[in-house]
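Only one structure is covered here, and it is reproduced in the block below.
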Amino acid sequence: MSLPAILDIRDDLYRALEATGEVDAVAEEIETVLDRLDAFEDRDAADRQGIVDEVDNQLLRVEERLNQRDDDEAVRALQAARNRLHIYRDSVEETDENLAVVETDVRQHDIDDTHEELPVGQVTMTATVANTGDDAEVVAFVGFYGDDGDEIETLRGPEFAVPGGGQERVEMEVDVPGDARHYAMSVAEVEGVRDGQSV
């Protein structure tokens, strides 16, 4: 599993590193977090959640130390990074137990290119969904978030089948809000959504 876009907080961490001067123990801790993110792809689902928790706890400790030094710019960068970790955790919790979004990408209309950053306007969002349970009818959702991690909008995508023990790729045509900076995708079984369960 590649590092999900919402979880790729390296841009925020580099901003924090630059603000600290990259020379003290705080900078070393941030660099340790960068190393942990590199390990994410090689872990199974349970270990990945553990990595997210470890990174969040470590960044909280660093944030508290920076608060004592009144290093506001670095603190803001770390808060943005931690907000993205929380969004990722929420999207995993909203996805049914036997389902997992293992890869996502964004393609701008009329441009044959995949973006690491989130372009504004009409895009095609693609997700690969794995199913470790029985055959399932599922529905995809994408949530958009601002720089501060606040949710801007959540859109419901198409319903599709994912075979038990297999994977399926789904596309959504969406209009990305102008103030969106990050996104996270989740999936749920259609039956649960129709029954009024939250996702």
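The values are calculated or read from the model by the stated rules, or taken from the named source; none is laboratory data. Note that this is a predicted model, so its numbers are computed, not measured. When we count neighbours, we look across all protein chains shown, and the Cβ atoms used for this are built from the backbone with ideal geometry, even at glycine. For the accessible areas, the whole protein counts, side chains as well, though only heavy atoms, and no ligand, DNA or RNA atoms are used. Shrake-Rupley method; radii C 1.70, N 1.55, O 1.52, S 1.80 Å.
Of everything in the range 65-88, what is of a type in the set (K, R) and either farther than 11 Å from V52 by Cα or touching a Ser or Thr at 6+ places or on another chain (Cβ under 7 Å) (or both)? Give them in sequence order. If you could, list the steps in order and put the result at the bottom.
Let us first name the residues in the range 65-88 that are of a type in the set (K, R), namely 65, 69, 76, 82, 84.
Hits for the range 65-88 are R65, R69, R76.
Go through the range 120-148 residue by residue and tally those that are open to solvent by 20 Å² or more (accessible area, probe 1.4 Å) and out of contact with any Gly (no Cβ under 9 Å at 6 or more places or on another chain).
Number of matching residues: 5.
Of everything in the range 163-174, what is exposed (fewer than 14 other Cβ atoms within 10 Å of the Cβ) and in a strand (DSSP E or B)? Give them in sequence order. Steps first, please.
First, pick out the residues of the range 163-174 that are exposed (fewer than 14 other Cβ atoms within 10 Å of the Cβ): 163-167, 169, 173.
Scanning the range 163-174 gives Q167, R169, E173.
Quick check on the range 103-119: of everything there that is at pLDDT below 85 and not acidic (D, E), which residue is surrounded by the most Cβ atoms within 10 Å (Cβ to Cβ)?
So in the range 103-119, the residues at pLDDT below 85 come out as 108-118.
If we keep only those that are not acidic (D, E) as well, we get 108-109, 111, 114-115, 118.
Numbers: Q108: 17, H109: 10, I111: 10, T114: 11, H115: 13, L118: 19.
Within the range 103-119, the match that is surrounded by the most Cβ atoms within 10 Å (Cβ to Cβ) is L118.
Looking only at the range 6-47, how many residues end up being at pLDDT below 80, surrounded by 13 or more Cβ atoms within 10 Å (Cβ to Cβ) and touching a Leu at 6+ places or on another chain (Cβ under 9 Å)?
1
Restrict the check to the range 38-46 and report whether at least one residue is assigned to a loop (DSSP other than H, G, I, E, B) and within 14 Å of P4 (Cβ to Cβ).
In the first step, residues of the range 38-46 are kept if they are assigned to a loop (DSSP other than H, G, I, E, B); the result is 43-44.
Those left that are additionally within 14 Å of P4 (Cβ to Cβ): 43.
For the range 38-46, residues assigned to a loop (DSSP other than H, G, I, E, B) and within 14 Å of P4 (Cβ to Cβ): present.
Failed condition for D12, given (1) touching a residue at least 60 places away in the same chain (Cβ under 8 Å); (2) in contact with a Lys or Arg (Cβ under 9 Å, 6 or more places away or on another chain); (3) under 30 Å from N98 (Cα atoms), with all others met?
Result: D12 passes all but (3).
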